[in-house]
Amino acid sequence: MKKYKIAVYAICKNEEQFVKRFMKTAKEADLVVVLDTGSTDDTVDALRREGATVYQETFSPWRFDVARNRSLQLVPEDVDICVCMDLDEVIRSGWRKKLKPATVFYIQKIHTRNNYIWTHPVHEVLTYIKEGQEQIKHTEDIIIDHHPDVTKSRSSYLPLLELSVKEDPEDDRNMHYLGREYMYYERWNDCIDTLIKHLSLPRATWKEERAASIILREVIYI
């Protein structure tokens, strides 16, 4: 049986506090490739001490999809399976044994090396770009836990969400996120108008997200 080559890849900036935990959780991979986007702390050296291959590059203007696509390009071509993670995430042990190449597509985190790109400036999604039917495997056996740094600024999210909706006004997911972001900024009229737009979109069929838009809209009205 072929032994598949597996890589964990990530982007990061000023996340030295997560390095040891991240590298411990990624150790089942054959290699870890990290693109640092401008750290001023010890993130880069700490990752290298733990065995990661680290590249450094800055992006202006900043877009999450551009940075993630660049990090994917840095993964060697002979890798069979890519696992996209952030440094503040933990993938539970034993995950490697549960992977099945060519059909894996787990919450847009695990995919083959080729035929995919990341799209949208923020809340980016993995997009299949090869002709033909994408093969997808759903599994509940692999769990990634997210432990975000709540002290980090979200100041870039609003302009990036506005840009994302401008680029793709039919995208229901980011339309909902934009409405929610306006709520955080207490821009009530913009929030309500955007949530109404979300509910009117043909692609806005996910019941849980529609319910969230309705609840937020009604609460703000009250």
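The values are calculated or read from the model by the stated rules, or taken from the named source; none is laboratory data. Keep in mind the model is a prediction, meaning the values are calculated, not measured. No Cβ is skipped: glycine too gets one built from the backbone with ideal geometry, and neighbour counts run over all protein chains shown. Quick note on the areas: whole protein, heavy atoms, side chains included, nothing else; ligands and nucleic acids left out. Shrake-Rupley method; radii C 1.70, N 1.55, O 1.52, S 1.80 Å.
Residue check, W95 against (1) closer than 27 Å to K152 by Cα; (2) open to solvent by less than 60 Å² (accessible area, probe 1.4 Å), all met but one. Which one?
(1)
For the stretch 173-221, which positions are among the β-branched types (V, I, T) and farther than 21 Å from L160 by Cα? Full working, then the answer.
In the first step, residues of the stretch 173-221 are kept if they are among the β-branched types (V, I, T); the result is 192, 194, 196, 205, 214-215, 219-220.
If the condition is that a residue be among the β-branched types (V, I, T) and farther than 21 Å from L160 by Cα, then T205, I214, I215, V219, I220 are the ones that fit.
Give me a count of the residues in the stretch 120-165 that are among the hydroxyl-bearing types (S, T, Y), modelled with pLDDT of 90 or more and over 21 Å from A7 (Cβ atoms). Break it down stepwise before answering.
Start the filter on the stretch 120-165 by keeping residues that are among the hydroxyl-bearing types (S, T, Y), which leaves 127-128, 139, 151, 153, 155-157, 164.
After this cut, where a residue has to be modelled with pLDDT of 90 or more as well, the list is 127-128, 156-157, 164.
Those left that are additionally over 21 Å from A7 (Cβ atoms): 156-157, 164.
The number of residues fulfilling the criteria is 3.
Quick check on the stretch 57-64. Is at least one of its residues under 25 Å from Y128 (Cβ atoms), out of contact with any Leu (no Cβ under 9 Å at 6 or more places or on another chain), open to solvent by 10 Å² or more (accessible area, probe 1.4 Å) and assigned to a loop (DSSP other than H, G, I, E, B)?
Checked the stretch 57-64: at least one residue is under 25 Å from Y128 (Cβ atoms), out of contact with any Leu (no Cβ under 9 Å at 6 or more places or on another chain), open to solvent by 10 Å² or more (accessible area, probe 1.4 Å) and assigned to a loop (DSSP other than H, G, I, E, B).
Across the stretch 51-75, which residue is nearest to V125 (Cα to Cα) among those that are of a type in the set (G, A, S) and more than 13 Å from the chain's Cα centre (by Cα)? Lay out the reasoning, then the answer.
The first filter runs over the stretch 51-75 and keeps only residues of a type in the set (G, A, S), leaving 51-52, 60, 67, 71.
Cutting the leftovers down to more than 13 Å from the chain's Cα centre (by Cα) gives us 51-52, 60.
On the way: G51: 28, A52: 24, S60: 20 Å.
Among those that are of a type in the set (G, A, S) and more than 13 Å from the chain's Cα centre (by Cα), it is S60.
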